[in-house]
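J.: This structure is in structure tokens; I'll ask about it shortly.
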Amino acid sequence: MRDWGLGGAVGRTGLGLAVVLGQLLGWSGLGATAPAASKPASAGVQCDGPYKGKLLSPKLLYQTLEAHGQWLDHSRSGSHPANLCQADLRNAKLGGMTLERVNLEGANLRQAHLAQANLIQTSLAGADLTSAVLKEANLSGADLRHTRLAGATLTGVIGNEAAFYNAAMAGAQLQESNLERAHFEGADLQATNWTDANVTESYFYGANLSRAVLATADLAGSDFRRTDLSRAVLLRASLEGAQLDGAHLRGARLLEADLEGAFLDGADLREVDARDTGFRGADLRYTRWDGAQLQDADLEEANLENARLVKANLESAQLSLAVLYKATLTQANLRGAHVNRAVLILAQAPGADFTQADLSEIHAPHAVLSGARFDEAVLEAANLVGADLSGAHMQHVELLDVNLQDADLHGTVFVDADFTGARLEGANLTRARFHGAQLSGALGLTQLQLNTACVDEQTSLPTGLTRPAPCPRAEAAAKPSKAPSGKTKKSAPRGHR
């Protein structure tokens, strides 16, 4: 790349340079100054520069940048930094040039070519860089507050600690950029592309990243509090330890992303696609996941206190040691999920599907699990004291050493369930149905309780208890009856009869 920096072209003399600069900048005239340009890019910028609203001639620009180079090098006393505040540099070709610490506040740089330019600590506050090309430019420490960068190309840029506060960057391209510890608070970043970018420990508080593409980007430790990430694509992105409290992620795609130890307190995660995503140890309190896809997600040791997961799909998800205190899992799918040793105190999960789930040693006193399915689930040593399991369905369930004291088992169906070591003191067994169950090893079961249940001949009973009178046959109870019109009524769905 030809060096148009102060160490190269700007350090040369002669009118030939002015002509070259004129070609680079897309200018043809060589007058002292060009006619006044259109309205400055940012009327809000306070500017006392000599070229406010004017188009510099190549010769004058050369002189200005040469003096700036001497100021940078401290090679000449009395030199001063370049002041191009609110200058008109539309379509300027400044690729590879040194503009370090130049004052370009409010400058008009629409569609300018700044590829590989040195813009370290350059002041571009309020500048208009709409559709500008800054590929591989160095923006480290640059001031880009309130800049217009809509549709700009910033692929491969270096911008560590650059300030993009409230910048307008919709549609900008930032693939493979390196923007560590950069500031984007309040910026408009809709539909921006950050694929493979390194944006670790950066700040996006209150920014708009709706529909942004952040696939495989490294965003670890960044601040996304109260940001809008709705429908954003975060496929395989790293968000380890990131702050997303109060963020809006509705409809976002988080497949295989890493959010281990991230903070999402109060975040909106409705309808997200987070299959195979890692949330291990994350703070997910008061989050909303209605309709979310969380198959095979890793939520081990995550805090989901008061989280709302209505109709969420958690099939085969890892929830070991997770905190689901007062969480809402109404009609959630937890088939094959690993929920062992999780805390579900006062959780609400009516109609949830726990088929083949591992629920061993869960701590779920007073949880509401009415109408839930537990077929082939493992509930060994689970604490279900005072839990509502009315109308639940349990077929081939391991209930070894489970604590069901004071639990509501009204209408619950137990098929081939093993109650060895299970505690049933005070449990409500009214109309509970035991088919081939092993009650012989149950603890605390009384004849009064048993007399309210429906127990078939294949169910074994503890020593000293007798089988109660049979309940009306289930087949008769479920037999369709004819409506007055002559049409047969449909029976209730399986598990809800």
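J.: Just need a number here: residues in the stretch 100-125 that are surrounded by fewer than 24 Cβ atoms within 10 Å (Cβ to Cβ) and within 17 Å of residue 58 (Cα to Cα).
T.: 1
J.: While we're on this one: If the Cβ limit is 7 Å and pairs must be 6+ apart or interchain, which residue in the stretch 194-213 that is of a type in the set (Asp, Glu) pairs with which residue that is at pLDDT below 95 and crowded, with 24+ Cβ neighbours inside 10 Å?
T.: none
J.: What are the residues in the stretch 347-358 that are in contact with a strand residue (DSSP E or B) (Cβ under 6 Å, 6 or more places away or on another chain) and closer than 19 Å to residue 303 by Cα, if any?
T.: 348, 358
J.: In the stretch 425-453, which residue that is of a type in the set (A, V, I, L, M, F, W, C) and farther than 16 Å from residue 464 by Cα is surrounded by the most Cβ atoms within 10 Å (Cβ to Cβ)?
T.: Once the filter is applied, the top-ranked residue is 427.
J.: What about residue 400, is it surrounded by fewer than 21 Cβ atoms within 10 Å (Cβ to Cβ), of a type outside the set (Phe, Trp, Tyr) and in contact with a Phe, Trp or Tyr (Cβ under 7 Å, 6 or more places away or on another chain)? Break it down stepwise before answering.
T.: On the way: surrounded by fewer than 21 Cβ atoms within 10 Å (Cβ to Cβ): yes; of a type outside the set (Phe, Trp, Tyr): yes; in contact with a Phe, Trp or Tyr (Cβ under 7 Å, 6 or more places away or on another chain): no.
Answer is no for this residue.
J.: Would you confirm, using the coordinates I've provided, whether residue 414 is among the hydrophobic types (A, V, I, L, M, F, W, C) and under 35 Å from the mean Cα position of the chain (by Cα)?
T.: no
J.: Right, another one. Working carefully through the options 330, 355, find the one that is assigned to a loop (DSSP other than H, G, I, E, B), β-branched (Val, Ile, Thr) and under 26 Å from the mean Cα position of the chain (by Cα).
T.: On the way: 355 fails: under 26 Å from the mean Cα position of the chain (by Cα).
Just one listed residue meets the conditions, 330.
J.: Let me ask something else about it. Please indicate, with yes or no, whether at least one residue in the stretch 26-36 is at pLDDT 50 or above and surrounded by fewer than 18 Cβ atoms within 10 Å (Cβ to Cβ).
T.: Step one: of the stretch 26-36, the residues at pLDDT 50 or above are none.
No, the stretch 26-36 contains no residue that is at pLDDT 50 or above and surrounded by fewer than 18 Cβ atoms within 10 Å (Cβ to Cβ).
J.: Among the residues of the stretch 287-299, how many are farther than 15 Å from residue 250 by Cβ and surrounded by fewer than 21 Cβ atoms within 10 Å (Cβ to Cβ)?
T.: Qualifying residue count for the region: 2.
The values are calculated or read from the model by the stated rules, or taken from the named source; none is laboratory data. Small disclaimer: the values here were computed from a predicted structure and weren't measured. Here the Cβ is made from the backbone with ideal geometry for all residues, glycine too, and neighbour counts use every protein chain on show.
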